[in-house]
Amino acid sequence: MNRFHAKFKILSAAFSCFFGITLFFVFSDIMTNFLGSFLRVDPSYTGGEVCGEFIGNNISANAKPELVHYTVHQPVTNARWQRSAEYWQLVLEYKNPVAASEDTRIYIGLDNQKNNDGLWDFEVLLTAGEGKVFDRDGNFITAVEYYLLNDGTQIKFRIPLSDKRLQKVLGAKKTYHYIVTEELSDEINPLEVTMTARKKDKKAEAETRAYVSHVKELYYQTRFAADPEEADFDNGKPDANDIDACLSYYGQKIKDNPEDYESLSNYGTYLAMKGGRSSIMKATALVKESYNYLDKACELAFEKEGEIDVLLNRASVSASVPEQVFGKAESGAEDFMRIVLLSEDKILKAYSYVMAYECYKKRGNESKAFLALQEAKNMIE
Amino acid sequence: MISCLILSALMFLIVTFFVVIMNDCSVISVIYAAFLMFLYIRMTFAEHKKSGSGVIYRRIFQTVFAVGFCMAFISDLYAERGSMAITENALSSAELPFCHIAIPQVLVPLLVTKNIIFPARITGHYAAVASMLLIWFICTITVGRGWCSWICFYGGWEEGFSHVAKKRRIKLLPKNKELREFHFGFFFFIILASLCELACVYCDWFCPFKLVTEFAPATSIPTLIAMILFIGLFVGLVVVLPILTKKRTQCSSLCPFGAFASLTDRFSLFGMKIDTQKCSGCMKCATTCPFSAIDIKTIQEKKGHPEITCAKCGECVGVCPQKAISYEFRFRLNKGGCACGSSGSGKKSALQELLHPAHLFRFAAFTFSAIMSSGFMIKALNLVCNFVTSIGGAK
């Protein structure tokens, strides 16, 4: 028995060495994402726990329409490796970089420091590239740490809490925010934020998942209703499920016309599909090869009729291949965003936004993912 | 011989997949794959002929990888930020690259605070927290501290410098025990300090490899002190002392990951065995060991295995005139003694040879090395090629 036990151990060790490490690296993408779902960076490094989040039209009637997301974090104390050990982070996200470069005023009131008129206690003025905090009398208090991120669509600013007047934020239970482009008027209602950390909203997450699958289903229904993938034997087009036949069909078409970008794109897509049904080694080689055709097709189809279909093929492949192996999520998201620009079809646009959301999520770019999802929701509720 | 061929064929498949196919079958990737295969085949056949004679290929690989890694990493930093200095944008967005040295510093605070105390991405990047933690875990249960001598992309600097001089100028052998004690003492200090500060204290103040990767710009007195410290530590522990002592002084006295890997090495599949019946007590192994893992007492007390800090580099195997040191499965190593004579002598079948712990360990370590290095090395080789081409063009 002991001998058998020892042999079993040796064989397990041999398997781990010969195949275990290789398999780990091949499937590390899945494992990394799984482990990553349990981990999080200490909030003092990322700006504090989120305690208030406002989306789109809910932000303020007087704010710029391009402002799509406003996040209020809990104030951070004793932060390491940051410019200020005590700070309060607020984040504004815009649809486009131009809007982010225009002036914005945020009037902030604290529940523990209310003035008689009950409006606001200090003002943050954000101009291009910098931000300043003033008190009610217009006296300068401090400059904020200003970060322009995500290709200029996100303004993250941190108010240093070194000044006594600002330190009251640390004790505030509620804060009130007015985001405006001009002077503050009495008609605007503030955004009320309870300064406690929000718990992970499992219900919202489930709703998002349901929304994403709903949009995808809607797209598939409309697409296949309009263009049923049936064998088009009249044109010699083979059954779409017969990958090898499709490959030889499109391969022949490419031979006849090497500039035929639709055939190039289809050929690349079928190669990737074939990869999905092959062994790991072959799959990687096939997917890599498929990009030669997909990239060439996109290049040839640029600003021509049929560009959307060609882009859609490449983007779909990019969205479905393992990120850790191929690293295509970012380019997939870019392709989907270009489809949004080119297409007039509302459902296709929503589908592209949803797919871009998934690609950005894969890349760990939460901010862009959020924006893409919001845009999709604007298309289809 | 057959086992060497089988191992080489298996390694060929791995290298072809991870180095050539994953890098679009580019010319550079083929060149690097050929280089890796050359090293592995030479190492395997040399070891087959004479145990311990293949260590030179490990040294070459690790040194080349360390230089290539830093080149690729620095070029990435310049592309992203325009300098090696850490920017406030990167810090505030928690976008710093996370490396294995930070792992022991974040683990204890993770248990206490349930947060990672390092401003890095959790996923979505090659140097993200989750991917590095997984690599560490897989490494721990396979090669253990073998990471330091085979895979670590910083260790190659010391590996290279420790083989620059022909003669040992400073003999550290009598101080091996003190060195190990200092290493673990410093490790526990770093863990405690990281827990108290809720920040990676070693990365902040001591890491010498900031000089060849990224560093905080000297904008205040503390950052200036940190800069002086890391430059001094790099010059002292990574360059000068390895040249004088022919040992990896930073790895065996300062690196918290080294100490941590030593402590967790008991979970790995492999260990080193000293056959006390064969050992003549010449102390050549102790003098050679770059990690100060064998000292006079190890031999005198007939422990049957090196000390806890052994990184399984295999240097001692080659220098032992009695062939008393070898790789062994950890589950076969007897507690407090050795499995002396258990491997037996005489002719072995190909399967027995294939399943020999030394072969398996080297295969596992080299697989790790090849996969981990492929992306960086190809980037570095591309940089070198572009540089050479631009010089050629200018001429």
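Rounded, prolate or oblate, given the Cα gyration tensor of chain A, with a/c below 1.5 counting as rounded? Mind dumping the intermediate values first?
Values: a/c = 2.88, a/b = 1.64, b/c = 1.76.
Since a/c reaches 1.5 but b/c is at least a/b, the shape of chain A is classed as oblate.
Considering only A:L342, A:L35, A:L125, give the residue with the highest GNM mean-square fluctuation for chain A, with springs between Cα atoms whenever their separation is below 10 Å.
A:L35
Kindly provide the helix-only [θ] at 222 nm of chain B, computed as the sum of -39,500 (n - 2.57) over DSSP H runs of four or more divided by all residues, to the nearest 500 deg cm²/dmol?
It lands at -17000 deg cm²/dmol.
Running a GNM on chain A with Cα contacts under 10 Å, which residue among A:A272, A:A206, A:A143 ends up with the highest mean-square fluctuation?
Taking springs between Cα atoms under 10 Å, the residue moving most is A:A206.
Would you kindly state how much longer the chain becomes between B:L351 and B:N386 on full extension, computed as 0.36 nm times their sequence separation minus their alpha carbon distance, in nm to one decimal?
Extra length available between B:L351 and B:N386 comes to 8.0 nm.
What distance in nm separates the simple spin-label points at B:A85 and B:R266, each placed 7 Å from Cα in the Cβ direction?
4.7
Quick one: if the Förster radius is 35 Å, what FRET efficiency do A:H5 and B:L192 give, using the C-beta to C-beta distance and rounding to 0.05? Working shown, then result.
Values: r = 41 Å, r/R0 = 1.17.
Computed FRET efficiency for A:H5 and B:L192: 0.30.
Going down the list B:K50/B:K284; A:K9/A:K282; A:K304/A:K349; A:K216/A:K255; A:K173/A:K203; B:K50/B:K246, which pairs span over 29 Å between their C-alpha atoms?
A:K9/A:K282; A:K216/A:K255
Contact order normalised by length for the stretch A:202-379, with contacts defined as Cα pairs under 8 Å and 6 or more residues apart; what percent is it? Intermediate values should be presented prior to the final figure.
Values: 210 pairs, mean separation 26.8, N = 178.
After rounding, I find 15 percent.
Find the relative contact order for the stretch A:46-194 and round it to a whole percent, using C-alpha pairs within less than 8 Å whose residues are 6+ positions apart.
Reported relative contact order: 25 percent.
Suppose R0 equals 45 Å; then what is the FRET efficiency for A:E130 and A:K203 from their Cβ-Cβ distance, rounded to the nearest 0.05?
Here the calculated transfer efficiency is 0.70.
Cβ under 15 Å from B:V212's Cβ, B:V212 left aside: what net charge do those residues give with Lys, Arg +1 and Asp, Glu -1?
With Lys, Arg at +1 and Asp, Glu at -1, the neighbours total -3.
If I model a spin label at B:I221 and A:L342 as a point 7 Å from the Cα along the Cα→Cβ vector, what separation in nanometres do I get?
Spacing of the two 7 Å Cα→Cβ label points: 6.1 nm.
Give the relative contact order (percent, whole number) for chain B; include only Cα pairs under 8 Å separated by 6+ residues.
23
Return the inverse of the average 1/r over all pairs of distinct C-alpha atoms in chain B, which is the Kirkwood hydrodynamic radius, in Å to one decimal.
Result for chain B stands at 22.0 Å.
Work out which chymotrypsin sites (Phe, Trp or Tyr not before Pro) in chain A are exposed loop sites (DSSP not H, G, I, E or B, at most 12 other Cβ within 10 Å) and give the longest gap free of them.
A:39-301
Where a number appears in this text, it was derived from the coordinates with a stated rule and is not lab data. Only a predicted model underlies this, so the values are computations on that prediction, with no experimental measurement involved. Positions of Cβ are backbone-derived with ideal geometry, glycine not excepted, and every protein chain shown enters the neighbour counts.
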